[in-house]
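The values are calculated or read from the model by the stated rules, or taken from the named source; none is laboratory data. What you see is a predicted model; the values in this text were computed from it and never measured. Glycine also receives a Cβ, built like all others from the backbone with ideal geometry; neighbour counts cover every protein chain displayed.
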Amino acid sequence: MNDDQLLRYSRHILLPEIGIQGQEALLKSHVLVVGAGGLGSPAAIYLAASGVGKLTICDDDTVDLTNLQRQIAHSTDRIGTPKTFSAKKTLAGINPEVNVIALHQRMDETTLLQLVADIDVVVDASDNFLTRYAINRVCTLSKKPLVSGAAIRFEGQVAVFDLRHTHSPCYQCLFPADGEDQDMRCAVMGVFAPLTGVIGSVQAVETLKILLDIGQTLNGRLLLLDGLSMEWRSIKLDKDPCCRVCGAEDPRETCENSRAMP
Ligand SMILES: [Zn+2]
């Protein structure tokens with residue numbers, strides 16, 4: 001680390017849990033953020049400011065006036081420009097050292113699968129179930145940690161699926177439906193602006209903890225926030241042996257067997 005880096009990251013380096021070694025680990029890491037909207041904006045901003053060396057951000061959308069109420073990586077002068085380009089500009093302003101790769105495209109499973117090979121943590125900040133399920137399948141196949149977040153109305157949720165471990169539940173264990181008929185896009189629902197900031201920031205916290213290997217992540221837990229009462233709840237998640245995505249690795253735990261149980 002050079003002198004500027006020692007100064008820029010000094011408040012991290014002062015933390016015994018991080019130190020110079022931890023900060024160097026962050027500088028060498030590569031995080032994929034899927035979605036540059038309400039959750040992706042704060043998540044990417046904190047990851048870039050924290051010194052994550054390489055950030056790949058994908059989103060196929062362009063900045064719209066209705067986004068600016070909560071999608072803090074964008075600004076009024078960027079309306080009509082791709083969200084990934086806008087986010088890249090914001091992140092470069094905060095920390096020019098971070099290598100930001102902006103992918104202005106919708107991710108399908110094949111593209112994601114190629115992309116995650118080089119990724120340390122995947123942040124799901126997308127706004128639709130098809131993408132969420134695709135990200136989960138790819139992370140399960142590739143054994144990558146997945147930090148999932150969602151915010152709608154006054155409610156938010158965060159979960160970590162650390163799919164490096166075969167005993168970890170996956171997103172599909174939690175939401176087993178296909179999602180084809182329940183695609184409540186945040187794009188057409190009301191969202192309380194700072195709630196996306198809270199949830200996206202928690203996603204950044206969990207991502208950094210995984211990269212640094214510190215603390216206890218939300219792996220196997222679903223954290224729920226009711227913004228109106230400001231109550232947080234944490235629910236334990238179990239791996240579903242019948243899960244179509246992560247289950248049935250152990251033939252003794254097949255769906256048929258567990259369903260046959262009384
Ligand atoms: Zn599963």
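Odds and ends about this structure:
- Listed by position, the helices (runs of 4 or more DSSP H) enclosed by region 1-110 that each have at least 2 residues that are free of Cβ contacts under 8 Å to residues at least 12 places away in the same chain and touching a helix residue (DSSP H, G or I) at 6+ places or on another chain (Cβ under 9 Å) are 83-94.
- Of the numbered criteria (1) closer than 13 Å to Gly40 by Cα; (2) surrounded by 20 or more Cβ atoms within 10 Å (Cβ to Cβ), the one Val98 fails is (1).
- Between Val138, Val147, the distinction of being touching a residue at least 12 places away in the same chain (Cβ under 8 Å), crowded, with 20+ Cβ neighbours inside 10 Å, more than 14 Å from the ligand (Cβ to nearest atom) and not small (Gly, Ala, Ser) belongs to Val147 only.
- Figure legend. Inter-residue proximity from region 217-238: first residues on the phi > 0 side of the Ramachandran plot, second residues surrounded by 18 or more Cβ atoms within 10 Å (Cβ to Cβ) and among the aliphatic types (A, V, I, L, M), beta-carbon distance below 7 Å, spacing 6+ or different chains. Indicated pairs: Gly220/Leu237.
- Condition check for Ser50: out of contact with any Cys (no Cβ under 8 Å at 6 or more places or on another chain), at pLDDT 95 or above, of a type outside the set (D, E, K, R) and buried (at least 17 other Cβ atoms within 10 Å of the Cβ): yes
- Residue selection: Lys83 satisfies the criterion of being away from the ligand (no atom under 16 Å from the Cβ), at pLDDT 95 or above, more than 19 Å from Leu218 (Cβ to Cβ) and touching a His at 6+ places or on another chain (Cβ under 7 Å).
- Glu206 over 29 Å from Asp61 (Cβ atoms) and either away from the ligand (no atom under 14 Å from the Cβ) or surrounded by 16 or more Cβ atoms within 10 Å (Cβ to Cβ) (or both): no
- Residue check for Tyr133: among the aromatic types (Phe, Trp, Tyr) and more than 30 Å from Pro176 (Cβ to Cβ): no
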